[in-house]
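*Asks:* Attaching a single structure in structure tokens format; questions to follow.
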Amino acid sequence: MTQLQLFRASILHFPEPTTQFNRDVACFRDGALVIEQQRIVAVGQFEDVAAQYPQAQIHDHRGQWIIPGLIDSHLHYPQTEMIARYGKQLLHWLETYTFPTEDKFKDPAYAARLSEIFLQQLLKNGTTTGLVFGTVHSGAVDSLFSAASEKNMALVAGKVCMDRNCPPFLQDCPQSAQQDSARLIDKWHNQGRNLYALTPRFAPTSSEAQMAALGELAQQYPDVFIQTHLSENLEEIEWVKSLYPECGGYLDVYDKYHMVRERSVFGHCIHLTDDEWIRMGEARAAAAFCPTSNLFLGSGLFNFVKPRLHNVDVVMATDVGAGTTFNMLRTYGEGYKISQLQNDPLAPLEGLYMMTQGPASAYGLTGEIGNLNPGTMADFVILSPQFDELTQLRLADESEPADVIFALSMLGDDRAIAQTWVAGVCQYEKNKKE
Ligand code: GUN
Ligand code: ZN
């Protein structure tokens, strides 16, 4: 059998980084994507590409859409089982639901089982890369990377570090946080497709000594990711100011310990000051927009004016389990409504950008993920836009690409995901009997 596989479908992606979403999107209505083993070798109009690859095995997906595998830039795998827990705002929600749930991950067998369930949820929703928080237990991060490696997924993940202001059974200490994180970096970072993220939970749960220990690692490993939370909730911000009175604000706490830089991804960023936005832009750090979580916990309305002004990359994220869906398109739908409430509507295709080429470009990974350019890894999603009566009525075959993606962001969920391919292998197929 030939190793070349050609997928015939409508195809949509951003080949280059851009801020002009309508102008710079590439669309092939009758398109072809050719893959060979793990990588994409060609993309274009079906007629042209098929003539170039007459020996390829053809998968006919006419009527469906191919987009790049989606990138969820902030979520918590141990919170899968506690999604949609009724509660008050952030700090109460953390104490009441999150900490007790995360304690279960001290059991490696439990962590292994939940890793599988979590990755299945990602794939079912078309997400092929996640920036994922583990728990304080380093074994729980080993479990997740092991499970992702079996599927050859490009996963970014890290052990949560916290040594104060959380239950004693969930606390590490500065030395163990540093040692465990270093061990995990050596074991997983750049091994296969895995990437490591230093993961202080947020400033209130790390002592200054722990921040200093992680700051040393940040300097020692300049290409690891850094993921944490920033300016999510007003009460949280006041708390940070009282815990770090010598710092010039919340972002400054991370800055003091060398954690504001490229590949730093800060969850939420709802209440940042102008100076903090300026610093984010200078440092090339990214802000993760978590609309369903921000609404669910009543944290506030993210505003796009400042990140645009100061050239800060904004990347989409579910923030499960405070986020209420694993589905990235649906997440963008909620984000769009947040922008509407502020009379500054996001563009129809802006969400797709913020979950594909946008984050890939922010993280220096456009040669691997985030687009369908030849040479990149074959991580892609096949969408079935007309998955029920309503979407059949709403979306005619000749609908514009922006309209299809926008309508799915409002009406869609995992029912719109027909297949999810990772590194040239179909890892999820809707309605497939096991
Ligand atoms: N801040 C610190 N930890 C968390 C968490 O688990 N979820 C959210 N949404 N915010 C946090
Ligand atoms: Zn979070």
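*Asks:* May I ask you to order 60-66, 310-316 by the average number of other C-beta atoms within 10 Å around their residues, highest value first?
*Replies:* Highest-to-lowest ranking by the protection proxy: 310-316, 60-66.
*Asks:* With the cut-off at 1.5 for a/c, could you classify the range 86-128 from its C-alpha gyration tensor as rounded, prolate or oblate? Provide the component values of the computation, followed by the final result.
*Replies:* Numbers: a/c = 4.04, a/b = 1.40, b/c = 2.88.
Cα axes put the range 86-128 in the oblate bin.
*Asks:* Mind checking which aspartates and glutamates have their Cα closer than 13 Å to the Cα of Lys432? Skip sequence neighbours fewer than 8 apart in that chain.
*Replies:* Within the straight-line limit of under 13 Å, Lys432 reaches no aspartates and glutamates at all.
*Asks:* Applying 1/(1 + (r/R0)^6) with R0 = 30 Å to the Cβ-Cβ distance of Gln3 and Glu116, what FRET efficiency is obtained, to the nearest 0.05? Don't skip to the answer; put the middle values down first.
*Replies:* Values: r = 29 Å, r/R0 = 0.96.
Efficiency for this residue pair is about 0.55.
*Asks:* Label 7 Å along Cα→Cβ of Asn190; the range 200-235 residues with amide nitrogen under 17 Å?
*Replies:* Within reach of a label on Asn190: 217-226.
*Asks:* Also, I was wondering about something else. For Leu309 and Glu282 in the same chain, what is the full-extension length gain: residue separation times 0.36 nm, less their Cα-Cα distance, in nm?
*Replies:* 8.5 nm
*Asks:* Computed over the Cα atoms, what is the radius of gyration of the chain divided by 2.2 N^0.38 Å, N being its residue count?
*Replies:* 0.95
*Asks:* I've got another one for you. Quick check: pseudo-label points 7 Å beyond the Cα along Cα→Cβ at Arg164 and Leu390, how many nm apart are they?
*Replies:* If labels sit at Arg164 and Leu390, their model points lie 4.9 nm apart.
*Asks:* Then there is this: Quick one: of Lys88/Lys159; Lys159/Lys306; Lys106/Lys187; Lys124/Lys151; Lys306/Lys337, which pairs are farther than 21 Å apart, Cα to Cα?
*Replies:* Lys88/Lys159; Lys159/Lys306
*Asks:* Ok, one more. For Lys159, Lys151, what's the fewest-to-most ordering of other Cβ within 10 Å of each Cβ?
*Replies:* Details: Lys159 27, Lys151 19.
Ordered by Cβ neighbours within 10 Å, fewest first: Lys151, Lys159.
*Asks:* Can you give me the convex hull volume of the Cα atoms of the range 309-434, divided per residue and expressed in Å³? Please report the intermediate quantities before stating the final value.
*Replies:* On the way: hull volume 18.7 nm³, N = 126.
Cα-based convex hull of the range 309-434, divided per residue, equals 149 Å³.
*Asks:* Moving to a separate point now. Where does the charge balance sit around Gln45 when Lys and Arg score +1, Asp and Glu -1, over other residues with C-beta under 15 Å from its C-beta?
*Replies:* Local charge sum for Gln45: 0.
*Asks:* So what's the net charge close to Leu297: Lys and Arg +1, Asp and Glu -1, counting the other residues with Cβ under 12 Å from its Cβ?
*Replies:* Every neighbour counted, the sum reads -2.
*Asks:* Using R₀ = 45 Å, calculate the FRET efficiency as 1/(1 + (r/R₀)^6) where r is the Cβ-Cβ separation of Ala209 and Gln52; round to 0.05.
*Replies:* E between Ala209 and Gln52, to the nearest 0.05, is 0.15.
*Asks:* So what's the range 222-307 giving for Cα Rg divided by 2.2 N^0.38 Å, two decimals? Intermediate values should be presented prior to the final figure.
*Replies:* Numbers: Rg = 12.3 Å, N = 86, 2.2 N^0.38 = 12.0 Å.
Taking the Cα Rg and dividing by 2.2 N^0.38 Å, one obtains 1.03.
*Asks:* If you don't mind, another one. Among Trp277, Trp239, which comes first, then next, by fewest other beta-carbon atoms within 10 Å?
*Replies:* Trp239, Trp277
*Asks:* Output the 0 to 90 degree angle, nearest 10, between the alpha-carbon long axis of helix 328-341 and the longest principal axis computed from the alpha carbons of the chain.
*Replies:* 70
*Asks:* Applying the Karplus parametrisation 6.51 cos²θ - 1.76 cosθ + 1.60 with θ = phi - 60° to the phi angles of the range 178-184, what ³J(HN,Hα) value in whole Hz is obtained for each residue in order, glycine and proline being reported as x?
*Replies:* 5, 5, 5, 5, 5, 4, 5
*Asks:* Debye sum, Cα scatterers, the range 187-339, no solvent: what log₁₀ I/I(0) at q = 0.19, 0.21 1/Å?
*Replies:* So the normalised log intensities work out to -1.23, -1.42.
*Asks:* Oh, and also: Counting other C-beta atoms within 10 Å, which of Cys166, Cys290, Cys426 has the fewest, and how do the rest follow? Mind dumping the intermediate values first?
*Replies:* Working: Cys166 20, Cys290 33, Cys426 13.
Result, fewest neighbours first: Cys426, Cys166, Cys290.
*Asks:* Under the 0.36 nm per residue contour assumption, what length would be gained going from the current alpha-carbon distance of Gln45 and Tyr86 to full extension?
*Replies:* In short, 9.9 nm is gained.
*Asks:* Can you give the net charge of the other residues whose Cβ lies under 12 Å from the Cβ of Leu91, counting K and R as +1 and D and E as -1? Don't skip to the end; give the middle numbers.
*Replies:* On the way: positive: Lys88; negative: Glu95, Glu232, Glu235, Glu236, Glu238.
Surrounding charge for Leu91 is -4.
Every number in this text was worked out from the coordinates using simple rules, so none of it is lab data. From a predicted model like this one, the values you see are computed outputs, not experimental measurements. All Cβ positions, even for glycine, are placed from backbone atoms using ideal geometry, and neighbour counts span all protein chains on display.
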